[in-house]
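The values are calculated or read from the model by the stated rules, or taken from the named source; none is laboratory data. Given the structure is predicted, the values throughout are model-derived calculations rather than measurements. Don't worry about glycine lacking a Cβ; one is built from the backbone with ideal geometry, like all the others, and counts go over all protein chains shown. Side chains are part of the model used for accessible areas, which takes the heavy atoms of the whole protein and leaves out ligands, DNA and RNA. Shrake-Rupley method; radii C 1.70, N 1.55, O 1.52, S 1.80 Å.
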Amino acid sequence: MSENSRQLWKRSANLPGRVPPFHLKNRKASSFHEFARNTSDAWNIEDDEVLHSSSSQTVKSSIAVEVIGSFKEKSCSQAIVINSISEGNSSFYKPPQKQQQQFPLRPIIPLVARISDQNASGAPPMTVREKTRLEKFRQLLSCSNTDLEELRKCSWPGIPREVRPTTWRLLSGYLPAHKERRKLTLQRKREEYFGFIEQYYDSRNEEHHKDTYRQIHIDIPRTNPLIPLFQQSLVQEIFERILFIWAIRHPASGYVQGINDLVTPFFVVFLTEHVEDDVENFDVGSLPKDILHSIEADSFWCMSKLLDGIQDNYTFAQPGIQKKVKALEELVSRIDDQVHCHFQKYEVEYLQFAFRWMNNLLMRELPLRCTIRLWDTYQAEPEGFSHFHLYVCAAFLIKWRKEIMDEDDFQGLLTLLQNLPTIHWGNEEIGLLLAEAYRLKYMFADAPNHYRR
């Protein structure tokens with residue numbers, strides 16, 4: 001197996017809730033059972049079996065070859081997008097003919113992976129209203145005792161980039177509201193984190209922690225593989241330390257695939273505090289060591305605060321996710337019975353696509369710039385990452401109602417739901433999604449019988 005093939009396979013991690021690579025022997029399957037009968041999959045192939053094999057003989061099925069081929073084709077398509085971006089080409093991306101039949105052509109936004117530019121819908125960089133909002137944030141943050149309730153209200157429709165790092169620290173509960181205590185708190189918490197590094201990080205090679213570290217080490221290169229920032233070895237080392245320390249300090253869950261995604265928004269936001277230009281291609285090695293340490297420690301503590309509220313998503317059997325997926329099914333059955341019955345007709349289980357939505361907080365479904373905007377609201381909303389996320393997922397699903405109803409077989413539905421075309425999304429689309437989610441919450445949150453059969 002070539003090195004390129006090995007790397008492609010490495011990035012194609014089997015994630016819970018994702019349909020494994022498949023090869024249909026006959027026509028399209030119209031239901032799950034027919035799909036299962038006609039499908040040969042590579043679900044049981046282990047990472048080690050593929051990653052560390054010295055020859056292609058290790059893969060005992062021709063299916064793996066076809067899977068790798070499909071990923072090569074996908075990588076080539078993505079390379080076309082990235083090349084057109086780097087050359088400043090704003091023309092339409094033309095996918096292969098097969099994809100053209102599935103989805104309409106969509107414009108590719110210049111700098112599609114660009115993280116700091118969230119005005120992806122063509123809005124002006126800074127309107128008069130936005131300048132007024134920025135000044136309001138600055139006034140709140142400069143108060144001797146910041147009014148957190150007022151800060152949440154201001155943050156719900158989005159936080160200006162200039163004040164987002166401090167606002168996120170405050171809303172997550174990492175920083176105190178009293179301004180005079182903030183500097184000492186940051187100093188103490190950063191020292192505490194690096195004390196954990198000194199105390200625990202060397203144990204990553206010990207027998208009882210070896211599997212945890214190995215899985216983290218495998219997952220890190222898969223995190224946002226199209227954004228150069230996250231492929232830098234220094235950034236990957238930072239992520240490994242953050243995830244390993246969190247895992248051994250939370251033995252009830254330990255490290256679970258998907259947690260690696262949750263570091264990236266915090267890391268990017270705290271990086272923008274020190275980088276004026278776009279960060280996607282920024283060389284973090286050019287930053288002073290003390291700044292890198294502060295970004296790493298702050299990312300760790302804010303991620304920890306987030307996970308404290310959804311830790312049952314990652315404990316044994318992941319009961320939190322199971323409950324949320326079931327709640328989503330019940331909610332959708334009340335919101336749009338036609339979509340719900342359409343899934344039932346073709347035997348599509350919500351767990352088959354929504355597990356990932358809950359496990360990764362929609363991060364695999366949205367561009368990173370959209371995730372950052374979404375998290376502005378999640379941190380402003382009471383129980384945003386746990387409770388409000390359910391209504392966002394419901395609104396997100398119904399957003400694709402027409403495309404869902406147009407699919408008339410199991411395979412087509414799963415392919416759609418796991419590859420929703422959101423690459424062009426920006427602030428406007430996220431704003432509409434959040435507004436619909438809030439409407440659903442207002443209608444159903446205090447009326448549980450509305451979504452109970």
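Spatially, the range 340-375 and the range 134-151 are offset by 34 Å when compared through their Cα centroids. In a shell of Cβ-Cβ distance under 15 Å around residue 285, excluding residue 285 itself, what net charge do Lys and Arg (+1) and Asp and Glu (-1) give? That sum, taken over residues with Cβ under 15 Å, equals -3. Shape call for the range 364-453 from the C-alpha gyration tensor, a ≥ b ≥ c root eigenvalues: rounded (a/c under 1.5), prolate (a/b greater than b/c) or oblate? It comes out oblate by the Cα gyration axes. Packing, taken as the mean count of other beta carbons within 10 Å per residue, orders the peptides 306-314, 282-290 from highest to lowest as 306-314, 282-290. Calculated on the Cα set of the range 230-277, radius of gyration then Dmax: 12.2, 40 Å. All distinct Cα pairs of the range 325-380 go into the 1/r average, and the inverse of that average, the Kirkwood radius, is 12.6 Å. Counting only protein heavy atoms and using a 1.4 Å probe, what share of the accessible area of the range 212-334 belongs to carbon plus sulfur, as a whole percent? Roughly 50 percent of what the probe reaches on the range 212-334 is carbon or sulfur. Among 332-345, 155-168, 352-365, sorting by the average number of other beta carbon atoms lying within 10 angstrom of each residue, highest first, gives 352-365, 155-168, 332-345. The portion of the accessible surface of the range 345-453 made up by carbon and sulfur, rounded to a whole percent, is 51 (1.4 Å probe; DNA, RNA and ligands excluded).
Are any of the pairs 326/441; 131/399; 131/441 more than 26 Å apart by Cα-Cα distance, and if so, which?
131/399; 131/441
What is the sum of charges around residue 307, taking Lys and Arg as +1, Asp and Glu as -1, for the other residues whose C-beta is under 13 Å from the C-beta of residue 307? Once positives and negatives cancel, what remains is -1. Under Stokes-Einstein, with the Kirkwood radius over Cα pairs as Rh, the value for the range 184-253 at 10 °C and 1.306 mPa s is 121 µm²/s.
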